[in-house]
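The values are calculated or read from the model by the stated rules, or taken from the named source; none is laboratory data. Only a predicted model underlies this, so the values are computations on that prediction, with no experimental measurement involved. Every residue, glycine among them, receives a Cβ derived from its backbone with ideal geometry; neighbour counts consider all protein chains shown.
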């Protein structure tokens, strides 16, 4: 009797599960690896001075009740960067948590068709919370929201006066920060996860709360995004990214099961400033 016939007779008395285990042990079959067919999350970015770590978590001292996993970014020096390796289109969002020496970083959004046309969403973090602003054409701005405390509000004044003192949109600390850019209405927003959402800037208008930075964006529909670290004065800075463009980065391989496809090569439409 041929070898295959012996194998057939032998398998008839086994359950499918036992058969799979036996064939695996015999080297005749193996299960596909977890995430097979999907790219690795670390391959989503091209790095310069940044080390990527899949399945990363916050240090235990910062973790609290949030024990989720994400993609860890560790910067070796100021100016270290990680560029998203694919074009983006539509609404962008990222949920992040800076820690260690990463007191400041920014996301750079660049027109795919014109590398000289870009703006930044800058974040500085401290004990009291996050400061979020936009930077474009040598201007930095962020709508200032008032607390209802008379003394504090009187000191802050208008958004223009606050921005002149390097005070921008403030988001309380204690949880991950969600940054969002909507090219359809040209707004940048920021929120503490689970908290209120604040408009940092509306690029559809020249003036926001009394502040005019001299330009608007028009037709921003295809772009690249980079993470850039700044302000590192010694040691390393870290950023944990829980999600990117609506997709969780909690595993080592990317399963495209939420939000837009974050690795699709999208057609470029470009944008222009006034």
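A few remarks follow.
- Of all residues making up the stretch 136-173, the number that are crowded, with 18+ Cβ neighbours inside 10 Å and at pLDDT 80 or above: 12
- Number of residues in the stretch 204-236 that are modelled with pLDDT under 90 and closer than 30 Å to residue 76 by Cβ equals 6.
- The condition (being more than 21 Å from residue 236 (Cα to Cα), at pLDDT below 90 and crowded, with 19+ Cβ neighbours inside 10 Å) is satisfied by just one residue among 112, 119: 112.
- Residue within the stretch 174-182 that is at positive phi and either surrounded by 14 or more Cβ atoms within 10 Å (Cβ to Cβ) or touching a strand residue (DSSP E or B) at 6+ places or on another chain (Cβ under 6 Å) (or both) present: no
- For residue 72: the one exception among (1) at pLDDT below 95; (2) under 15 Å from the mean Cα position of the chain (by Cα); (3) within 18 Å of residue 236 (Cβ to Cβ): (1)
- Entry remark, the stretch 123-135: residues being under 17 Å from residue 180 (Cα atoms) and either modelled with pLDDT under 90 or surrounded by fewer than 16 Cβ atoms within 10 Å (Cβ to Cβ) (or both) number 0 in total.
- Checking every residue in the stretch 251-274 against the condition of being out of contact with any helix residue (DSSP H, G or I) (no Cβ under 8 Å at 6 or more places or on another chain), at pLDDT 85 or above and closer than 23 Å to residue 106 by Cα gives zero matches.
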